[in-house]
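The values are calculated or read from the model by the stated rules, or taken from the named source; none is laboratory data. Keep in mind that this is a model prediction, so the values were computed, not measured. Cβ sites come from the backbone with ideal geometry, for glycine too, and all protein chains shown count toward neighbours. Calculation scope for accessible area: heavy atoms of the full protein, side chains included, ligands and nucleic acids excluded. Shrake-Rupley method; radii C 1.70, N 1.55, O 1.52, S 1.80 Å.
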Protein chains: 2
Amino acid sequence: MARAGLTAERLAEAAAELADAAGFEQVSLSALARRFEVSVPSLYSHVKSTHDLKTRVALLALAELADRGLVALAGRSGRDALTALGNVYRDYARAHPGRYAAARMPLDPATAAASAGLRHTEMIRAILRGYDVPEAEETHAVRVLGATFHGYVSLELAGGFDHSSPSSERSWSRAMDALDALLRHWPDE
Amino acid sequence: MARAGLTAERLAEAAAELADAAGFEQVSLSALARRFEVSVPSLYSHVKSTHDLKTRVALLALAELADRGLVALAGRSGRDALTALGNVYRDYARAHPGRYAAARMPLDPATAAASAGLRHTEMIRAILRGYDVPEAEETHAVRVLGATFHGYVSLELAGGFDHSSPSSERSWSRAMDALDALLRHWPDE
DNA sequence: AGCAAAAACCTAAAGGCTTTAGGAAGGGTA
DNA sequence: TACCCTTCCTAAAGCCTTTAGGTTTTTGCT
């Protein structure tokens, strides 16, 4: 019988699509087996476990996000760079909620170190170059920016800002204004 | 045979303990049935489904958090109030990670409306009374504060700030400084 | 107290998911 | 061609949820 020609990469890609369509928690080897018309145990030739599969989706999402962030930051600085990167996260989360959820999955330290996670830190750090945040404060500022980006996107995605005015669109824009103002006037220690 | 004397509330409480000890995803009717030495289907007399159970844990956590927030805000204003409420979220998340995860669970609109979620919004709005944020900007500021609180706590809980200096403790303190500064100098529209 | 109805509990069973064990077939290579 | 590695298979065990339908305990009303 004809082979499906599976690889761990193709499985991760299909799992990412499934996650976006049905939610990250719905990702299962069973679902993928159906999708590729293959028996479930066959998938264990490519992937160690469901957790392994999900981890691959997480790494995929982190890498895609970092790629997009890098493109968005090219040639921009200051407020421009800030909103560009913010929009990358927000747009990605809305277009690929399952992948975004995957990217938030806790990774074990070794996997995390080999992931694109560090590139994300670097990108936020790059934004700070357009502002006068003292070097000793950089990490703090990176964490605050990362937290606000992630927190906003995560609350918005969970529907926290639905059905109430003003629109989330407007609040997001004001959030970017606020972060810009914050970085321009970063408080003294 | 003696009855276990279960109620939906007792189940939710036990589920919350289980969530804190083993993770919110580990919450299951099976585990609770073992815990109370009762058959699994018996639990359906008290709870409609696993989803129902998890929703109850979410409501429990939201209410506990709101209660603590209210106490923390009493008699405080400005920066004091800001850090007090921030610490409530952060401390709760660290002491009760499973409950905190539950509180972030997406609720359907009707359930969300009946939850303590609105009290949370009110508490953050109360903090703004200590600052000169224009009324038309209140909702935006509430969302930014909520996003930063949640985002920071969530990233910290996922281990994002482990194994790197400076300490997360220090960054949290600086994050509170930053939010305070932001509210004192909220940017014009 | 007596008794019926409601509530709490049970067993049985179906169906979905993961994972391991062990075997068969496709495809490349000597 | 013959071999071997990889991909795929069936079988089976173990966990989880949920529904169906029956029994026992408790409650509450007369």
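Only residues that are of a type in the set (Asp, Glu), farther than 18 Å from B:Pro97 by Cα and open to solvent by 50 Å² or more (accessible area, probe 1.4 Å) were counted across the range B:17-69, and they come to 1. Can you name every residue in the range A:141-189 that is over 30 Å from A:Gly23 (Cβ atoms) and touching a Pro at 6+ places or on another chain (Cβ under 7 Å)? Within the range A:141-189, A:Asp177, A:Ala178, A:Ala181 meet the criteria.
B:Glu122 meets the conditions (1) open to solvent by less than 40 Å² (accessible area, probe 1.4 Å); (2) under 28 Å from B:Leu53 (Cα atoms) in every case but one. The failed one is (1).
Each residue in the range B:67-121 was checked for being more than 18 Å from B:Asp20 (Cα to Cα) and of a type outside the set (D, E, K, R), and 30 pass. In the range A:150-174, the residue that is nearest to the other protein chains (Cβ to nearest Cβ) out of those that are crowded, with 18+ Cβ neighbours inside 10 Å and either among the charged types (D, E, K, R) or more than 27 Å from A:Leu62 (Cβ to Cβ) (or both) is A:Arg174. The residues in the range B:2-16 that are within 13 Å of DNA strand D (Cβ to nearest atom), more than 13 Å from B:Ala31 (Cβ to Cβ) and in contact (Cβ under 8 Å) with a residue 40 or more places away in the chain can be counted, and the count is 1.
Every condition in (1) more than 20 Å from the chain's Cα centre (by Cα); (2) within 14 Å of chain A (Cβ to nearest Cβ); (3) more than 8 Å from DNA strand D (Cβ to nearest atom); (4) not aliphatic (A, V, I, L, M) is met by B:Ser28 except one, and the failing one is (3).
Of the numbered criteria (1) in a helix (DSSP H, G or I); (2) of a type outside the set (Phe, Trp, Tyr); (3) at pLDDT below 95, the one A:Asp162 fails is (1).
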